[in-house]
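Heads up, the thing below is written out as structure tokens.
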Amino acid sequence: MNAGFELTVKQLQAQTRRHFMSNCGMGLASMWLASQADGAPAAEKKQTSKHMPHFAPRAKRVIYLHMAGSPSQLELFDYKPELARLDGQDCPQAFLEGKRFAFIQGVPKMLGPQYEFEQVGEAGHWVSDRLPHFKSVADRTCMVKSMFTSQFNHAPAQLLLHTGNQNLGAASFGAWVTYGLGSENENLPGYIVLVSGGKVPSAGKSVWGSGYLPSVYQGVQCRSSGDPVLFLSNPAGISDAIRRRELDALDRMNQLTYQQTLDPEVMTRVAQYEMAFRMQATATEAFDLKQEPEHIHRLYGTEPGKESFANNCLLARRLAERDVRFIQLFHWGWDSHGAAASEALNEGFKDRCREVDQPMTALLTDLEQRGLLEDTLVVWGGEFGRTPMRENRGGKEMKFVGRDHHPSAFTVWLAGGGIKSGFTLGATDELGYEAVEHRVSPHDLHATLLHLLGLDHTRLTFFSQGLNQRLSNVTKPSRIVSELFA
Amino acid sequence: MKNVITNIANCLLNLVAAAGALAAPPGNAARPIDFNETIRPILVERCIACHGGVKQAGDFSFVYPEMVLPPGGSVIEPGEPEHSELIARVRSQDPDLQMPPPGEHGQQLTQTEIEQLEQWILEGASWGEHWSLAPLAEPKYPSHINSSWARNGIDAYVMASLESANLQPSKSARPAEWLRRASFDLTGLPPSSQEIDSLDAACKQASTSEDLDAIYAATVDRLLASERFGERWASLWMDLSRYADSQGFEKDPHRDIWPYRDWLIHAFNQDMPYDLFTIKQLAGDLLSSPNTNDLIATAFHRNTQTNTEGGTDDEEFRVAAVIDRVSTTWTVWQATTMGCVQCHAHPYDAYRHEDFYASLALFNSSEDADLNSDFPTLRLPNDPAQWESAVKLQRELLELELHRNDLGSLLAQAVSWQPLTPLVASSSHGQIAASENEVKTTGGTFPIGTVFTLETPSTAMTAMKLTILPSSDDPQQLPEQGAIVTFVELIVIDAEGNERKLELQDAFADYLAGPYSPQDCLKSDNRGFGGYPKLLGPRWVTVVLREPLMAEENGTLRIRLEQKGEVAGSLATHLKHIRLELCNTPQWNELLDSTELVHMSQAISAAKIQLDETPGIQLPIIDQRDPRGARPTRMFIRGNWLERGEEIAAGLPAIFSSREGTTTVENRLQFAQWLVSDANPLAARVWANRVWATLFGSGIVETLEDFGSSGTPPSHPALLDYLAWRLRHTHAWHLKPLLREIVLSSTYRQCHTASAELLLRDPHNRLLGRGPRTRLSAEMIRDAALTISGLLAQDVGGSSVMPPQPEGIWQTVYNGEQWKEATGNDRYRRGLYTYWKRTSPYPGFLTFDAPTRDLCSPRRIDTNTPLQALVTLNDVVYQECAQALAKRALLETGVVEEAIGYMLSQLGTPTEVRPLIQSELQSLYDDVTSELAKMHTAGEGSEAAVSTDAQNSGTEPTLTLELRALTVVASAILNSDLMLTK
């Protein structure tokens, strides 16, 4: 047990000795209580979360919309007329020397934007015709066009973006945030993950894992079909009344064990079973989309029972309303190589855009009309960008049109708590090959978002493997991109 | 039994002797300042951030004594604190001189700390080795022991620390409490109610404490002899070895590696000594004649991940796997955070940046190269009875192929070669140019299937040598993208333009390496000869003509080089630079006709046919590359694998290689032997500590994974050394006798009830004044429920199984493999056999703190959460267990009242609380019965509150009311704290 962890345990223990008899909701050594649920009596609230904000937060929660596979910035937000001019020509040698691509080999051809662009709203953000709904809320967003990463394969790039490290084993962004801030709803997990169609991203569940942090901080993958939280429903034939009666007997049985052993962990267990029982009701209710009125379903394009991105966006709003700290959505299928129709820029890409355009627009609209947008950070993006060159897998021209993985430039948009809306940060060169102004790395993004949540990225640490681990880069300084702040 | 008693007697004798020898208490004079105890923590806390391994401000570091002490260093003058720069600086008030500098560099030293430094310097500034590296010495027993309590050496140390804290040990645990603890600790399973009862009865009969001890000892021997023992301890080692049934990363496809798990189970059951256990796993392939099990053991380091994602660089992930092997090895055996040293010198401990690469070099030349096939693999027939013979055949085949190739390789080096200069050189794609007898690519794209066509005047020849060269001459740029020729064709065109294909009979390479054989370049497919998946340096192959070619006037020789090779992501492995030579000696034809070669070829084909006809699995193993193809190891500048620095030779970190008695370590086998040699004190300490932590819930050193300056110091240093010594010397590395000693100690046999005082004084039980009470591991929770419900399958070993889990859990991108829910016995096998998919681990285990096993997991941290409650309340497996337990209890007893008692007896419920619990459960039963009856009348039936997941549960809806109510009672029992802890 390392020092930080032990400290938390000790704090809990101190509380527990004083409180567990008067308040069975409190337990000991329960990292859950320290982190997930602020279930302590009011006087203790300040102590239950180890870090709390380091300074006044601009946002209380995060909704992270990850487009796994990485959508083409050149077909959505990063408009490059010069690239259109060079369409079909050989890629200049300068772009190729010393570069390593996932699939492109030899000398590929340049590929112009495949869709029409226009400037929209007061801010004049460039948006392509693939996102007609989004145009109406573009003014609410801040475009970061100068993102770059060091990884050009999906799994490592997703890990870098979500855990700060391209290798497995580090803690995810959401885990860090719940570790730092705790949760404000004791009956729901503090970090919830929703994936479209149940498909996990390339890097697997490690992108919402707890890494070296205790396992309670890992994201809880919830589902919009079946039990929203695994094992949430009672077994067949067990009514709530029977379950309640079973828990009463179980609680008393455990109280007897406690009296006999004086092991405080027993009382924590009693508390956790009670919390589980409450969660059964709360989570079921939170995930019940049928409670939403018709106009909301029309706004999002939702169909209850499906594991769609639209349903997940609506769920995200319901969870944000319930003060879930970190809500992460994964949509997939954006890997537009042009190797198959399902992902090609001229085929599947259009479907992906349709799947996300209306729901993500609805989410921003809905959050705003409920007053939630001001303290909710919304982030949208992939794990890297796509090349201005057309992919030539195996050295050949392919049947469909696509672009290869590209770590040198991609676009992410942000909205909500503390973000300067209608603002564009950074730019790529005239061909969209490289981010050239105000370059933002995943670590810079982490430091910036943590700052908005009131957390100092250099102080949010956890000692493991001989090092004060943190989300932002330990070896190279991470920059807080304050230009983005409202 | 006689042995048992003799052992105990010996232990006691040892104790008495030791107590006598140490009876004289140490003098009262002030003890000299101990570097490790007092000084090192000050340096680590106050100085090392700037004067450490990473940052060496002022060009010195407190990690290395030679940098601060004379003659090399000038920071400390031993014996003269007043002349020591260190003291002057920490005492200074001048902000320009003061250390640490005022501002952001941390707190100034306290007066006490400064005085301690001064005193230490005055006493001669003797630098102590870090405690974990001190040689393991024969233990000396504590002078004060309460001999009526202490049963063995362990107790003497524990008693000494309790006494110094003014605490008393707790009373002995009830036999049932001890038996539950010992059964889980040794076998991972709960004791049966019969076992509990018979131990209770035997203990009541025992008239003397010797009798009682003999009964306990016999019980321990029974548990140690159980086949379940191996399963329980294999489980622990599976976290360390990052065991998983899948390759990891994006597609995370299936991998056949379960024979390694069987090997672990067997090794623990056989009580294989830790030295052998170590050597076989780290270097089984390098043993003089490895048998099947030695090779299977090497799969330990094939549990690293293979990245099959399209477009990934195989070298990047091969390097990642090798780095993981280095870090894992140092974590598991040495509890050393070697991972820190990948990018820079260790911040706190004396490991230099290059030490990491010396270790990396030990592991760098294995054959595996992140290929999707997990090459190299060992083919194991479906029938394990055939493993031995199949492996023998495979080893013979490798030998034959090696010898056969050497015949040609040696000849190629003996004969003389002339340059073969193409006059025409063209490529189907991209541009190439010939110069003398070399051809290079000059630009363009070379897709899969590129063909080079080279022409030269026809000339007499018997063989052609093709050398594949890297495109770069700079060895620091190597390895580079693979380059293979997949089909070599020679065509003769006569003066009239008639084409004739020459028959190529054979191919011999400089050496054999990689997944393809030299002959693969004689047929047109995507296999071939060259550097694959990477080119490490020049490679050559000699293709031999069936008939010698005569020179033909005005004839042309056309050489066609087909390149259909590719690596993941359809990336072509085309040729970038080649050289051509020819030879016209008849020795080649003589070789082709030689009986030796013909016989070898026949034997090889026969063996291949036989292997192909044996269906089986492919177990990834470690296999060393031919020394001629060894990979050079270079430092990675700041840990970046693409920035290569100087070449580093394989070896030990300097702090170890410089120690007395250290043998030469230049390869993996020597390294493994060194790990378990007397020259390395860490391995025994680390393993003993891990064993202790497994039983007591936390280690003597809490940071099982870090015995360095940043880890926690041992709570009982002498006890740790005692255990390590006993393990290493007394028990000659055998685990079972060490475990026997621990579980029979008075320390372990204490009652786990915490008195209010103990709880206050020692909340974490670090002083061991009570017995350990810890939550069961994820696997144990499942196994315990299956055991008491009578469902547990008894088979040991075999492939992994897929017990029920909710639908939709297992959906990985680009991978069509499915979770096929097991039926029958396989539904109820022990947890360690559950299919372990890295990107989607079994949810019930993950919730109970099992790691994903992406990397080595040296320690699980237990948590206590509501999601855990949902698993044991609602997961299908626990529903099935509850129902089976209820059925079993009713069947055994016939009456509900007794059935509840029966179920409680399975838990060894403490007698003090048993009647109360029993009546609580009886009343639960009554209430549930009437509730169910009400529901039945109301027509809600058994389908009320049905969950979609539960519908797949296999529970029978048509149970009697009695059984349904009793199932609820059973569920309460399965969820009770008594059930979930040991």
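Using the Cα atoms of chain A to build a convex hull, what is its mean projected area in square nanometres?
Values: hull surface 95.6 nm².
Convex hull of Cα atoms, orientation-averaged projection: 23.9 nm².
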Quantify how strongly other chains surround peptide A:99-108 by giving the mean number of their Cβ atoms within 10 Å of each of its Cβ atoms.
-> 5
Relative pair counts by distance (%), Cα atoms of the protein assembly as shown, 10 Å bins | 1, 7, 14, 19, 20, 17, 12, 7, 3, 1, 0, 0
Whole Å is fine, so just give me how far the alpha carbon centre of the stretch B:182-251 lies from that of the stretch B:653-667.
-> 39 Å
A:R390 accessible area, assembled protein chains, probe 1.4 Å, Å² | 50 Å²
Taking max minus min of the Cα coordinates of the stretch B:841-913 on each principal axis, largest first, gives extents in Å of 50, 29, 21
Counting only C-alpha contacts under 8 Å and six or more residues apart, can you give the relative contact order of the stretch B:263-374 as a whole percent?
-> 22 percent
Over all distinct alpha-carbon pairs, what is the Kirkwood Rh of the stretch B:45-197 in angstrom?
-> 20.5 Å
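For B:A688, what is the net charge nearby, where nearby means another residue's Cβ is under 12 Å from its Cβ and Lys, Arg count +1, Asp, Glu -1?
Numbers: positive: B:R685, B:R690, B:R726, B:R728; negative: B:D721, B:E741.
Residues close to B:A688 contribute a combined charge of +2.
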From the Cα gyration tensor of the stretch B:243-373, with a ≥ b ≥ c the square roots of its eigenvalues, which class applies: rounded if a/c is under 1.5, or else prolate if a/b is larger than b/c, or else oblate?
-> oblate
CD proxy at 222 nm, helix term only [per DSSP H run n ≥ 4: -39500 (n - 2.57); per residue of chain B; nearest 500] = -11500 deg cm²/dmol
At 1.567 mPa s and 4 °C, Stokes diffusion of the stretch B:447-506 via Kirkwood alpha-carbon radius, µm² per second = 88 µm²/s
For the stretch A:300-390, with only Lys/Arg (+1) and Asp/Glu (-1) charged at the beta-carbon, what is the dipole magnitude about the Cα centre, in debye rounded to 20?
-> 80 debye
In terms of modelled amide H atoms, which long-range or inter-chain residues lie less than 5 Å from the amide H of B:S746?
-> B:R151, B:N152, B:D155
Which lysines does B:K887 reach when only Cα atoms under 30 Å apart count, and residues fewer than 8 places away in its own chain are ignored?
-> B:K820, B:K934, B:K982
Based on Cβ point charges of +1 for Lys and Arg and -1 for Asp and Glu, what charge dipole magnitude is obtained for chain A about its Cα centre, in debye rounded to the nearest 20?
-> 980 debye
Given 4 °C, 1.567 mPa s and a Kirkwood radius over Cα pairs, the Stokes-Einstein diffusion coefficient of the stretch A:295-410 in µm²/s is 82 µm²/s
Provide the solvent-accessible area of A:M253, counting protein heavy atoms only and rolling a 1.4 Å probe, rounded to the nearest 10 Å².
-> 0 Å²
Cβ-placed point charges (K, R +1; D, E -1), dipole of the stretch B:591-704 about Cα centre in debye, nearest 20 | 480 debye
Classify chain B as rounded, prolate or oblate, taking a ≥ b ≥ c as the square roots of the eigenvalues of its Cα gyration tensor: rounded when a/c is under 1.5, otherwise prolate if a/b is larger than b/c and oblate if not.
-> oblate
B:W692, B:W641, ranked by accessible area, largest first (probe 1.4 Å) = B:W641, B:W692
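Please compute the net charge surrounding A:F485, taking Lys and Arg as +1 and Asp and Glu as -1 over other residues with Cβ under 9 Å from its Cβ. Kindly include the intermediate steps, with their values, before the conclusion.
Working: positive: A:R58, A:K420; negative: A:E483.
With Lys, Arg at +1 and Asp, Glu at -1, the neighbours total +1.
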Just the Cα atoms of the stretch B:494-636, one point each, no solvent: what log10 I(q)/I(0) does Debye give at q = 0.13, 0.15 Å⁻¹?
-> -0.81, -1.04
Per the helix-only model, chain A has a calculated mean residue ellipticity at 222 nm (DSSP H runs of ≥4, -39500 (n - 2.57) each, divided over all residues, rounded to the nearest 500) of -9500 deg cm²/dmol
How big is the gap, in Å, between the Cα center of the stretch B:328-387 and the Cα center of the stretch B:408-442?
-> 38 Å
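Under 1.5 on a/c is rounded, so check that first for the stretch B:689-794, then, if it is not, pick prolate when a/b is larger than b/c and oblate when it is not; a ≥ b ≥ c are the square roots of the alpha carbon gyration tensor eigenvalues. Before the final figure, lay out each step's value.
Details: a/c = 1.71, a/b = 1.23, b/c = 1.39.
Oblate, since a/c reaches 1.5 and b/c is not below a/b.
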Take the alpha carbon atoms of the stretch A:345-359, find their center, do the same for the stretch B:725-739, and report the distance between the two centers in whole angstrom.
-> 64 Å
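For the pairs B:K465/B:K564; A:K80/A:K109; A:K135/A:K476; A:K99/B:K440; B:K251/B:K392, flag any whose C-alpha to C-alpha distance is greater than 27 Å.
Listed pairs above 27 Å: A:K135/A:K476; B:K251/B:K392.
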What trypsin sites (Lys or Arg not before Pro) does the stretch A:71-135 have in DSSP loop regions with at most 15 other beta carbons within 10 Å?
-> A:K99, A:R100
Once the Cα gyration tensor of the stretch B:509-569 is diagonalised, semi-axes √(5λ) in Å = 27, 14, 11
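Ignoring ligands, DNA and RNA, what accessible area per residue does chain A give at 1.4 Å, in Å²?
Values: 15170 Å² over 486 residues.
Here the per-residue accessible area is 31 Å².
Net charge near A:Q291: determine it from the other residues with C-beta under 14 Å of the C-beta of A:Q291, scoring Lys and Arg +1 and Asp and Glu -1. List each step's numbers first, then the result.
Details: positive: A:K290, A:R317, A:R318, A:R322; negative: A:E285, A:D288, A:E292, A:E294, A:E321.
Neighbour charge sum, excluding A:Q291 itself: -1.
The values are calculated or read from the model by the stated rules, or taken from the named source; none is laboratory data. A quick note: this is a predicted structure, and the numbers were derived from the prediction, not measured. With ideal geometry, Cβ positions are generated from the backbone for all residues, glycine too; neighbour counts draw on all protein chains shown. These area figures cover heavy atoms from the full protein model, side chains too; ligands, DNA and RNA do not enter into them. Shrake-Rupley method; radii C 1.70, N 1.55, O 1.52, S 1.80 Å.
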